[in-house]
1. Gly84 passes all but one of (1) within 15 Å of Val125 (Cβ to Cβ); (2) open to solvent by less than 50 Å² (accessible area, probe 1.4 Å); which number fails?
2. Just one of Ala49, Ala3 is small (Gly, Ala, Ser), open to solvent by 80 Å² or more (accessible area, probe 1.4 Å) and at pLDDT 95 or above; which is it?
3. Quick one: what pairs do we get from region 102-113, first residue more than 11 Å from Ala22 (Cβ to Cβ) and in contact (Cβ under 8 Å) with a residue 60 or more places away in the chain, second assigned to a helix (DSSP H, G or I) and of a type in the set (Gly, Ala, Ser), C-beta under 8 Å, 6+ apart or different chains?
4. Can you pull out the residues in region 98-128 that are open to solvent by less than 80 Å² (accessible area, probe 1.4 Å) and among the hydrophobic types (A, V, I, L, M, F, W, C)?
Amino acid sequence: MAARSRPLSPHLQIYKFTLTMAMSIVQRGTGMAMYFGTLLIVLWLGAAALGDGPLAVVNAIFGFWLVQIILFLATLALFVHLFGGIRYLIWDRTQMMDPAGRELIVRLQLGVAIAFTVLAWVLWVWLK
C-alpha cells in the first residue's frame, strides 16, 4: 500500500513568531506561576494564624533578597495574567483582531502589567 501524501498542519516553519504568540505561552506560564505565589501567601497567612513567633520567622524569610525577587516575579505574574485575561476578553468581543491591533494590545498588556507591579511594590513594600 502506497503512503498517502497528506497535508501537514502549518507550524513554526511557516508562521513568523510574534509577540502575540509569545504572550499566549506566557499567559499559561503565569497561570502556573500563580499557584506558587498562592502557596507563599498561604504560608504567610498560616504563620500569622499561628502567632507572632512563626510570623516573625516567615517575615524574616520573606525579607531575604532572593525571596524578594521571587515575590516580585510572582506579583508580575499576577498582573501579566490579569491583563492577559482582559486582552482575551477584548478579543472575545472581536475587537483589535487585526495585526496592528493585536501587537498594540499585547504591548499595552506588558507595559501596564509592569507599571502596576512597580506601583504595587512602591506603595506596599518599598514605602512601608
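The values are calculated or read from the model by the stated rules, or taken from the named source; none is laboratory data. Note that the structure is a prediction, hence the values are computed from the model and not measured. Here the Cβ is made from the backbone with ideal geometry for all residues, glycine too, and neighbour counts use every protein chain on show. Surface areas here come from the heavy atoms of the whole protein model, side chains and all, with no ligands, DNA or RNA. Shrake-Rupley method; radii C 1.70, N 1.55, O 1.52, S 1.80 Å.
1. The one condition Gly84 does not meet is (1).
2. So the residue among Ala49, Ala3 that is small (Gly, Ala, Ser), open to solvent by 80 Å² or more (accessible area, probe 1.4 Å) and at pLDDT 95 or above is Ala49.
3. The qualifying pairs are Gln109/Gly84.
4. Within region 98-128, Ala100, Ile105, Val106, Leu110, Val112, Ala113, Ala115, Val118, Ala120, Trp121, Val122, Val125 qualify.
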